[in-house]
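Following: one structure in structure tokens, then a few remarks.
The values are calculated or read from the model by the stated rules, or taken from the named source; none is laboratory data. All values derive from a computational prediction rather than experimental measurement. Here the Cβ positions follow ideal geometry from the backbone for every residue, glycine too, while neighbour counts run over all protein chains shown.
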Amino acid sequence: MAESFDSLKNELQELQQKFPEIEKVSQNLNHRLLELYSLYQIGLALSTTLDLDEIFNLFKKMFQQTLKVDRFGIFLIDRSMSTLTLHSSFGLPKNSSKLKKSFKFGEDIFGKALIIEETIHVPDVSKEDSYQYFNRGTKKGSFLVIPLLLRKNQPVGVLSLYRTEKNSFKKNEIALLEKISREIAKVIDKTLLFRHTKELSITDELTGLYNRRYFNERFDREVQRSRRYKRPLTALMIDIDYFKNYNDVNGHLMGDEILKRVAHTLESNIRKADILARYGGEEFVVLLPEIDKSHSMQVAEKLRCTIEKTNFPHEENQPNKNLTISLGIATLGEDSLESRELLDFADRALYKAKAEGRNRIVAYHRSMEQNKLNNNNAYLKSEPLAATG
Ligand code: GH3
Ligand code: MG
Ligand code: MG
């Protein structure tokens with residue numbers, strides 16, 4: 001497509017030289033060709049991927065190569081619905097690290113275009129002094145900010161375009177860019193919706209952690225990786241102690257609040273690479289890639305100790321006057337070669353932690369199998385942990 005576009009363009013140029021009288025017709029054709037090609041590229045973007053970064057990269061290419069602008073920026077409205085933030089750009093001025101990247105609605109040229117829902121065209125930046133943005137490294141050239149509108153009153157962000165040459169955006173080109181912007185707004189909206197739906201499908205509604213479905217998916221991938229590279233992988237099963245009592249005494253709503261706080265505390269005390277999920281009602285699971293059993297004991301102790309020390313509302317009504325967790329640990333390679341067994345073993349270790357008095361960590365050990373066979377150990381008598389979700 002790109003080649004045929006270039007050759008058509010060359011042919012048009014030759015015709016222009018030979019027959020000046022058809023210049024106007026050729027200009028119109030050129031314009032139409034540009035329009036079709038740009039819309040084709042936008043359509044292509046949406047049919048190729050639903051990844052926002054990839055889509056932005058395709059837009060960048062289109063503005064750079066087809067529409068020949070020197071600078072491009074896409075600002076999107078944040079979730080808070082009060083600011084516009086730069087998400088993708090090229091050709092920013094040299095001091096770009098110092099450039100403001102977020103604008104309130106109405107602020108500067110970008111915020112203004114969003115509010116008035118109309119294109120702001122600055123044909124000659126050197127003659128414009130009503131916008132702060134131009135004081136930061138843009139002294140000449142032509143500038144265009146187009147709101148990205150799904151429809152009236154429904155903006156998704158703004159598009160900014162710049163050429164170093166003044167008066168470079170002509171009337172019919174602006175009309176074309178506005179048309180393109182409407183298509184871009186639709187693509188962004190669809191992509192954001194897809195991303196949001198995907199996020200919802202992997203998130204536990206109450207705690208905001210990953211849900212069990214996503215955990216299982218990640219678990220399989222991490223197990224494969226651990227096997228392939230012969231790297232350790234540890235699972236921590238975590239369960240809140242006497243949580244039924246907490247609910248009974250303080251009510252279910254307060255119980256929900258505790259679940260959120262425990263989730264948040266756990267999340268703040270693990271690495272980015274660790275995968276934390278809500279596994280069931282008051283049960284959590286953490287996968288620790290690259291962590292062997294002895295190191296995982298340290299991680300588990302940090303989590304146990306932090307929850308023990310954290311002041312939770314009404315925890316004085318708990319049997320041990322404190323809200324605590326129990327943890328079971330199992331490590332792939334050390335304890336099990338069967339991925340299915342890893343979580344099972346961590347769960348067995350957790351039962352043992354409960355049976356031994358709670359607020360503690362138990363690492364799985366083969367001897368626990370023997371205990372199980374003897375069928376006379378205390379932890380089997382404890383109530384089974386319901387794995388819901
Ligand atoms: P143990 O120390 O042995 O773990 O005792 P426990 O009371 O925590 O365990 P049990 O399995 O008997 O009770 C778990 C409780 O967790 C019962 C249930 O009401 C509560 N629970 C599960 N999911 C939720 C939830 O989403 N919100 C609230 N508030 N409570 C929940
Ligand atoms: Mg519990
Ligand atoms: Mg439980």
_Against the definition (exposed (fewer than 14 other Cβ atoms within 10 Å of the Cβ), away from ligand 3 (no atom under 16 Å from the Cβ), not in a helix (DSSP H, G or I) and not basic (Lys, Arg)), how does residue 205 come out, yes or no?_
yes
_Where residue 239 falls short, out of the listed (1) closer than 13 Å to residue 323 by Cβ; (2) outside any strand (DSSP E or B)_ = (2)
*State all residues of the stretch 246-285 that are over 12 Å from residue 207 (Cβ atoms) and charged (D, E, K, R); if no residue qualifies, say none.*
248, 271, 272, 274
*Applying the selection to the stretch 271-285, what residues are surrounded by 22 or more Cβ atoms within 10 Å (Cβ to Cβ) and small (Gly, Ala, Ser)?*
277
*asked:* Residues to consider are 58, 92; find the one that is of a type in the set (A, V, I, L, M, F, W, C) and part of a helix (DSSP H, G or I).
replied: 58
*Which ones in the stretch 312-323 are surrounded by fewer than 19 Cβ atoms within 10 Å (Cβ to Cβ) and polar (S, T, N, Q)?*
317, 320, 322
*asked:* Looking for something in a loop (DSSP other than H, G, I, E, B), buried (at least 17 other Cβ atoms within 10 Å of the Cβ), touching a residue at least 24 places away in the same chain (Cβ under 8 Å) and more than 27 Å from the chain's Cα centre (by Cα) - is there at least one such residue anywhere in the stretch 66-78?
replied: yes
*Within the stretch 157-174, track down each residue that is surrounded by fewer than 21 Cβ atoms within 10 Å (Cβ to Cβ) and in a strand (DSSP E or B).*
163
*Would it be correct to say that residue 379 is crowded, with 17+ Cβ neighbours inside 10 Å, at pLDDT below 95 and not polar (S, T, N, Q)?*
yes
*What is the number of the single condition among (1) more than 23 Å from residue 141 (Cα to Cα); (2) in contact with a His (Cβ under 6 Å, 6 or more places away or on another chain) that residue 74 does not meet?*
(1)
*Considering every residue within the stretch 260-272, establish whether at least one is more than 20 Å from the chain's Cα centre (by Cα) and within 12 Å of ligand 3 (Cβ to nearest atom).*
no
*Run down 245, 216 and say which single residue is within 16 Å of ligand 3 (Cβ to nearest atom), in a helix (DSSP H, G or I) and surrounded by fewer than 18 Cβ atoms within 10 Å (Cβ to Cβ).*
245
_Any residue that is within 13 Å of ligand 1 (Cβ to nearest atom) and in contact (Cβ under 8 Å) with a residue 12 or more places away in the chain - is there at least one of those in the stretch 286-294?_
no
*Counting only residues that are within 21 Å of residue 325 (Cβ to Cβ) and in contact with a Leu (Cβ under 6 Å, 6 or more places away or on another chain), which one in the stretch 210-236 is nearest to ligand 2 (Cβ to nearest atom)?*
236
*asked:* Testing residue 248 on (1) more than 14 Å from ligand 2 (Cβ to nearest atom); (2) without any contact (Cβ under 8 Å) to a residue 12 or more places away in the chain, one condition comes back false. Which one is that?
replied: (1)
*Qualifying residue in the stretch 312-329 (condition: of a type in the set (A, V, I, L, M, F, W, C), closer than 30 Å to residue 224 by Cβ, within 11 Å of ligand 1 (Cβ to nearest atom) and modelled with pLDDT of 95 or more)*: yes
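For every residue, the table says whether it meets (1) among the hydroxyl-bearing types (Ser, Thr, Tyr); (2) not assigned by TED's automatic domain parsing to the domain that holds residue 42.
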{"site": "109", "(1), (2)": "no, no"}
{"site": "121", "(1), (2)": "no, no"}
{"site": "138", "(1), (2)": "yes, no"}
{"site": "151", "(1), (2)": "no, no"}
{"site": "157", "(1), (2)": "no, no"}
{"site": "164", "(1), (2)": "yes, no"}
{"site": "186", "(1), (2)": "no, no"}
{"site": "206", "(1), (2)": "no, yes"}
*Residue list for the stretch 133-156, restricted to those being among the basic types (Lys, Arg), within 24 Å of residue 182 (Cβ to Cβ) and assigned to a loop (DSSP other than H, G, I, E, B)*: 152
